[in-house]
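Have a look at the structure below before the remarks.
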There are 2 protein chains.
Amino acid sequence: MREDLLRRLHREIEAKHCENILHMLTSLHPADIAELMEHLDTHERRFLLSIMDTDLIADVLPHLSDDILVDILHYLDIERLSEVVPKMEADQVADLLQELPKVDRSTLLSHLPLDSIREIESLSQYPEHSAGGIMTTEYIALPYWMKIDEAIQTLRQKASKLRDVGYIYVVDDTNRLRGVLPLKRLILGESNKTLGELMDTEILAVDPLEDQEAVAKLMQKYDLLAIPVVNKDGKLLGIVTADKAMEVLEQETEEDLFHLTGLEKEESVFTPTLSAVRNRLPWILFSLLTTLLSSNIVRIFRHTLEKAIALTMFMPIVAAIGGNVGMQTLTVVVRSLSLGEITAVDILAIFWRQFVIAGLLGALVGIAGFIEAIIIFQVGVNVATVVGLALWANIIGASIFGLFVPLLFKKLGIDPALAASPFILILIDCVGYTTLLGLGTLMLIK
Amino acid sequence: MREDLLRRLHREIEAKHCENILHMLTSLHPADIAELMEHLDTHERRFLLSIMDTDLIADVLPHLSDDILVDILHYLDIERLSEVVPKMEADQVADLLQELPKVDRSTLLSHLPLDSIREIESLSQYPEHSAGGIMTTEYIALPYWMKIDEAIQTLRQKASKLRDVGYIYVVDDTNRLRGVLPLKRLILGESNKTLGELMDTEILAVDPLEDQEAVAKLMQKYDLLAIPVVNKDGKLLGIVTADKAMEVLEQETEEDLFHLTGLEKEESVFTPTLSAVRNRLPWILFSLLTTLLSSNIVRIFRHTLEKAIALTMFMPIVAAIGGNVGMQTLTVVVRSLSLGEITAVDILAIFWRQFVIAGLLGALVGIAGFIEAIIIFQVGVNVATVVGLALWANIIGASIFGLFVPLLFKKLGIDPALAASPFILILIDCVGYTTLLGLGTLMLIK
């Protein structure tokens, strides 16, 4: 972000210097304009939109985040939108349509030529997060029997359809994918050979319903810059390009990150106040509900606390350490699951290793806690022993929950990152309070 | 991961059926072999390595994770390594060398031809996480005065150097980057035109010292499949391809994720026990140290607790809610910082918005807590009011820390994700305990 640019834009919009603004925009890449627009307030953004021409809007729309896009789609009337949409690519329009109410969607489609509608509709039929949902139809497919020189002739007409991906897809007469031909081989091939003779027949392709993360992972693993999407009959439907895969990978890791800390949706510091409250409130309220559990454990041991008030000092320690260990284990397990690193073959070995790690960590921290209690809090050996043992048990408990619950969630088909729910964190707290106060009751109270 | 394959491999290795194993490996992509090797134990992996030929090892090495790579580099003797290395690409060797001790590095280099050494050394001079550190020298650069047909002739000889990236880089006689030529335009161009006439002169390029995340972000933003790396004089040094950028993006988001939960390095469920303990222990021990703060607040209010033991029940609630809210705010701010969304221009607006969000969230949760205390814990209105107010103040405090500290860290040049240190979480706990017990002292104790 060039801040001087943003400052200038703020100023020019306030002064309503339309010509200056448009001059400024023409020197920018659409992605830059989109970025600037994210930093404007609704009012400024709408003013900007009102002076931009439809070509420019068509270029900028695909680069905007969903939040802003929805606002813009509400603001642009259907007439203006139907001028914008024909200038966009089919896959971009399909993405856009998902943000529109059904009524507007059909009005909008009625303004488009029939073959565009067909292309858009075939793209819209796939779930948003599937290979079909992220593929593009901007690729070149040629029949396997075509000669090299003829292929080059055809390319001349379709050059605009060929993105920077260096592949041509080779199909048979029923559009079944037969091979992939790197452009460089087309350049180097003898002109009377056919595409079929030169193509690679070992093709990695994905089903349109394949999950987007799996597709991106596959492309990353095999260092692919594009992967074809084919249906059950082997017919070529589209391709997923690396720039899309990049977006997906980051989005999915980010989803883990946000879910782990109890945010349902991605949120930035610019998310409108009420959306942010709505996004965060459920987790906090749920948390308030689940803390009933840990609070009740404390209530049960009220009489112990009355007699050994020193134990209250250690309650914050047990809670904080348990929470930290639990989050660490959860993070490691959730990422390993996301990356597909955990297989049924390994489960036992994983359990055993995490158990040993927790036992070791717990012993070291327990000893440290024992020493801390004696030297800094100057409590007796009895209380210090309770503290040390509680820490040890708490760390083992936290690790087991941190490992077991996301695995269970995965098994049940729930996003394992959601295992970091307040519920689990409270269970971990409960283990801590129970061992601290339980051991305290046993060892300190006659 | 195909689990049947892993099972079979385990079996075959145990039975030492070398031929079967090699037969199995030849049908697999090197990336798949690498994945299988990650799931083997050290013993099995070394056996496998001992029967693989050097070509295969050279293909597999670049796909392995650092953990495993280090182990393998220790196991392979320098003679075997020096057979493997010449079969790898320069950028892969440069990455590999970083994992070797200095002595081995020079021994290894001495086995290579002079021009490879020069290429590898020029690649090794850049920091690991810079554009120079992730670029490849496998690209094709041709002079701007070259005619199209001559260029195609040259390509024939260098075809192996041309990855699937569909660009040719056009340079002048001192190797300064002058333009980029999409392969498709080369195919379609008239044969007597020069590259200079056909090339794009609007090139986006990066400095070799540019941070890898910034490079990847740039490629994602402008949908690039490759970006050239040029030095201060404009000389072309290499290119960064999208598959590398994909790796980087995921790695950096993951780094945020792991740092936020106090893991110094990425860890998987397969990380060896001692490494995992070492990775997690510092945070936990630091946490043990910082909890002294919150424990001492409880100690200060010991007499209040003796007189109003009911307040102990609410300590777990205040701690858990504060921790949750703090982590949510931290996550949002850290990601916004990582994505470069926050500019100095916005800071005031961001502060104000987060403050309003926290105020609203706090009020709603405070009221819920008040009701919970009265109905479920059946305490008096006085205690319930203390609980409600403490929750409200705690949420505002947690949000302010969650916002302010990562911004401060960023300003100081420290990774903002590390702001999720136990220190901050404990500060948040402290706000909670202080308001709960402080208000309790004021309102409940005469």
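The values are calculated or read from the model by the stated rules, or taken from the named source; none is laboratory data. All values derive from a computational prediction rather than experimental measurement. As a convention, Cβ positions derive from the backbone with ideal geometry for all residues, glycine included, and neighbour counts pool all protein chains shown. Accessible surface areas use protein heavy atoms only, side chains included; no ligands, DNA or RNA. Shrake-Rupley method; radii C 1.70, N 1.55, O 1.52, S 1.80 Å.
A compact table of results
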| read-out | value |
| --- | --- |
| Lone unmet requirement of (1) in contact (Cβ under 8 Å) with a residue 24 or more places away in the chain; (2) closer than 16 Å to A:M146 by Cβ; (3) open to solvent by 10 Å² or more (accessible area, probe 1.4 Å); (4) touching a strand residue (DSSP E or B) at 6+ places or on another chain (Cβ under 9 Å) for A:L195 | (3) |
| Strands (runs of 3 or more DSSP E) completely within segment B:174-270 that count 1 or more residues being under 21 Å from the mean Cα position of the chain (by Cα) and more than 11 Å from every other protein chain (Cβ to nearest Cβ) | B:226-230, B:236-241 |
| Sole exception among (1) farther than 28 Å from B:Y222 by Cβ; (2) among the aliphatic types (A, V, I, L, M); (3) open to solvent by less than 70 Å² (accessible area, probe 1.4 Å) for A:M88, by number | (1) |
| Verdict on B:L427 being under 23 Å from B:R280 (Cα atoms), at pLDDT 85 or above and buried (at least 18 other Cβ atoms within 10 Å of the Cβ) | yes |
| Subset of segment B:329-373 (residues that are more than 14 Å from A:A276 (Cβ to Cβ), of a type in the set (S, T, Y) and at the interface with another protein chain (Cβ under 7 Å from one of its Cβ atoms)) | B:T343 |
| Selection status of A:V230, in contact with a strand residue (DSSP E or B) (Cβ under 6 Å, 6 or more places away or on another chain), open to solvent by 10 Å² or more (accessible area, probe 1.4 Å) and either outside the structural domain of A:L69 (by TED's automatic domain parsing) or of a type in the set (D, E, K, R) (or both) | yes |
| Boolean, A:L40 is open to solvent by less than 50 Å² (accessible area, probe 1.4 Å), in contact (Cβ under 8 Å) with a residue 12 or more places away in the chain, closer than 23 Å to B:A344 by Cβ and part of a loop (DSSP other than H, G, I, E, B) | yes |
| Any hit, segment B:400-408, residues being open to solvent by 40 Å² or more (accessible area, probe 1.4 Å) and in contact with a Leu (Cβ under 9 Å, 6 or more places away or on another chain) | yes |
| Search result, residues across segment B:1-42 that are away from chain A (no Cβ under 14 Å) and within 22 Å of A:L339 (Cα to Cα) | none |
| Residue within segment B:318-326 that is open to solvent by 20 Å² or more (accessible area, probe 1.4 Å) and more than 7 Å from every other protein chain (Cβ to nearest Cβ) present | no |
| Flag for A:T312 being free of Cβ contacts under 8 Å to residues at least 12 places away in the same chain and closer than 21 Å to A:L436 by Cβ | yes |
| Residue match in segment B:130-143 (condition: out of contact with any helix residue (DSSP H, G or I) (no Cβ under 8 Å at 6 or more places or on another chain) and open to solvent by 60 Å² or more (accessible area, probe 1.4 Å)) | no |
| Any hit, segment B:338-349, residues being in contact with a Leu (Cβ under 8 Å, 6 or more places away or on another chain), surrounded by fewer than 18 Cβ atoms within 10 Å (Cβ to Cβ) and assigned to a helix (DSSP H, G or I) | yes |
| Among the residues listed as A:L61, A:L76, A:L48, A:L97, the single one being out of contact with any helix residue (DSSP H, G or I) (no Cβ under 6 Å at 6 or more places or on another chain), at pLDDT below 85 and among the hydrophobic types (A, V, I, L, M, F, W, C) | A:L76 |
| Exclusive hit being touching a Pro at 6+ places or on another chain (Cβ under 7 Å), under 21 Å from A:K217 (Cα atoms) and open to solvent by 60 Å² or more (accessible area, probe 1.4 Å), set B:D59, B:D4 | B:D59 |
| Where a residue in segment B:88-106 is in contact (Cβ under 8 Å) with a residue 24 or more places away in the chain and its partner, wherever it lies, is open to solvent by less than 10 Å² (accessible area, probe 1.4 Å) and among the small types (G, A, S), with Cβ under 7 Å and at least six apart | B:M88/B:A58 |
| Considering residues of segment A:271-306 that are facing chain B (nearest Cβ under 7 Å) and open to solvent by 50 Å² or more (accessible area, probe 1.4 Å) only, the residue farthest from the chain's Cα centre (by Cα) | A:E306 |
| Meets criteria (more than 16 Å from A:T261 (Cα to Cα), among the aromatic types (F, W, Y) and at pLDDT 90 or above) for B:F314 | yes |
| Residues (open to solvent by less than 10 Å² (accessible area, probe 1.4 Å) and either under 26 Å from the mean Cα position of the chain (by Cα) or over 15 Å from A:P282 (Cα atoms) (or both)) located in segment B:355-376 | B:A373 |
| Number of the condition not met by A:D223 [criteria: (1) open to solvent by less than 50 Å² (accessible area, probe 1.4 Å); (2) at pLDDT below 85; (3) touching a strand residue (DSSP E or B) at 6+ places or on another chain (Cβ under 9 Å); (4) among the charged types (D, E, K, R)] | (1) |
| Near pairs, Cβ below 6 angstrom, 6+ apart or cross-chain, from segment B:410-438 (outside the structural domain of B:I400 (by TED's automatic domain parsing)) to any residue that is of a type outside the set (G, A, S) and not in a helix (DSSP H, G or I) | none |
| All positions within segment A:252-270 that are open to solvent by 50 Å² or more (accessible area, probe 1.4 Å) and acidic (D, E) | A:E255, A:E264, A:E266 |
| Criterion: at pLDDT 90 or above, open to solvent by 80 Å² or more (accessible area, probe 1.4 Å), out of contact with any Lys or Arg (no Cβ under 8 Å at 6 or more places or on another chain) and not assigned by TED's automatic domain parsing to the domain that holds A:D95 - qualifying residue of A:R178, A:R156 | A:R178 |
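Results for (1) over 30 Å from the mean Cα position of the chain (by Cα); (2) not assigned by TED's automatic domain parsing to the domain that holds B:R45, shown as yes or no for each residue.
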{"position": "B:I78", "(1), (2)": "yes, no"}
{"position": "B:L81", "(1), (2)": "no, no"}
{"position": "B:V84", "(1), (2)": "no, no"}
{"position": "B:D91", "(1), (2)": "no, no"}
{"position": "B:L108", "(1), (2)": "no, no"}
{"position": "B:I134", "(1), (2)": "no, yes"}
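Every residue, every condition in (1) over 20 Å from A:T261 (Cβ atoms); (2) assigned to a helix (DSSP H, G or I); (3) touching an Asp or Glu at 6+ places or on another chain (Cβ under 9 Å), yes or no:
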{"site": "B:W352", "(1), (2), (3)": "yes, yes, no"}
{"site": "B:I357", "(1), (2), (3)": "no, yes, no"}
{"site": "B:L364", "(1), (2), (3)": "no, yes, no"}
{"site": "B:I367", "(1), (2), (3)": "yes, yes, no"}
{"site": "B:E372", "(1), (2), (3)": "yes, yes, no"}
{"site": "B:N382", "(1), (2), (3)": "yes, yes, no"}
{"site": "B:V387", "(1), (2), (3)": "yes, yes, yes"}
{"site": "B:A393", "(1), (2), (3)": "yes, yes, no"}
{"site": "B:I396", "(1), (2), (3)": "no, yes, no"}
